[in-house]
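Handing you this structure, nothing more for now.
The values are calculated or read from the model by the stated rules, or taken from the named source; none is laboratory data. If you're wondering where the values come from, they're calculated on a predicted model, not measured in any experiment. Neighbour counts are summed over all protein chains in view; Cβ atoms, including those assigned to glycine, are modelled from backbone coordinates with ideal geometry. With ligands, DNA and RNA removed, areas are computed over all heavy atoms of the protein, side chains included. Shrake-Rupley method; radii C 1.70, N 1.55, O 1.52, S 1.80 Å.
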Amino acid sequence: FVSFFVTWFSDYSLVENVTPGSLIKGERNIGNVCGNLGAFMAYVMLRYTFGIASFGFLIIFALIVLRIFKVRINHYAKWFASTMVIMLWLSCIFGFIVVGFDLEDMEDLAGIVGIGINQVLCSFLGTIGCALLLLAVTIVIPMMLFGVRYTGLIRGVKRTPELISNLMQKA
């Protein structure tokens, strides 16, 4: 994946319409450090799944391998689910940027999942509604997955009318 981003511009057109035969024979001059297969796998995983959030598949793969080798992992299911939720969320965030700002050149950052979800959300909720939903999810995910509490933020919001009043009196 990392090598794909380094060699993105030279490899992209070479793997975009590759046939299995030319992939196996190595007929293309691909710069990815993992060769033709590495470039092709990165292209497929980034473009046709979660985009840049597909790096999460590496964590999931590591979890599965550790599980196969019977390595004890505390909260295995939570790690697995958290990784999937974060992948989906990141894909949606990048998808919103691509769909909301019409940046087709950056589609690979969102992947097909992020693009598709945001096309549906933006058509159903509108761009502002979709942005507000993603903002709400961005606030809730850390609370659910990691136990984050926004106590300082809440105190600040509660004090906002008082602060505004004080500023108005001084002006």
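To keep it simple, each residue is scored yes or no on (1) in contact with a Leu (Cβ under 9 Å, 6 or more places away or on another chain); (2) under 30 Å from G147 (Cα atoms); (3) free of Cβ contacts under 8 Å to residues at least 60 places away in the same chain.
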{"residue": "A81", "(1), (2), (3)": "yes, yes, yes"}
{"residue": "L88", "(1), (2), (3)": "no, yes, yes"}
{"residue": "C92", "(1), (2), (3)": "yes, yes, yes"}
{"residue": "D105", "(1), (2), (3)": "no, no, yes"}
{"residue": "D108", "(1), (2), (3)": "yes, no, no"}
{"residue": "G116", "(1), (2), (3)": "no, yes, yes"}
{"residue": "Q119", "(1), (2), (3)": "no, no, yes"}
{"residue": "C122", "(1), (2), (3)": "no, yes, yes"}
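Mind listing whichever residues of the range 144-158 are under 15 Å from A81 (Cβ atoms) and surrounded by 11 or more Cβ atoms within 10 Å (Cβ to Cβ)?
Hits for the range 144-158 are M144, L145.
So G111 passes all but one of these: (1) at pLDDT below 90; (2) open to solvent by less than 60 Å² (accessible area, probe 1.4 Å); (3) on the phi > 0 side of the Ramachandran plot. Which condition number does it fail?
Every listed condition holds for G111 apart from (1).
Sticking with this one: Could you tell me which residue of the range 80-108 is modelled with the lowest pLDDT, considering only residues that are open to solvent by less than 30 Å² (accessible area, probe 1.4 Å) and among the β-branched types (V, I, T)?
V98
What tally of residues in the range 54-108 results from selecting those that are in a loop (DSSP other than H, G, I, E, B), of a type outside the set (V, I, T) and over 18 Å from the mean Cα position of the chain (by Cα)?
Qualifying residue count for the region: 5.
Can you tell me which residue among G31, G35, G51 is surrounded by 13 or more Cβ atoms within 10 Å (Cβ to Cβ) and within 20 Å of the chain's Cα centre (by Cα)?
G51
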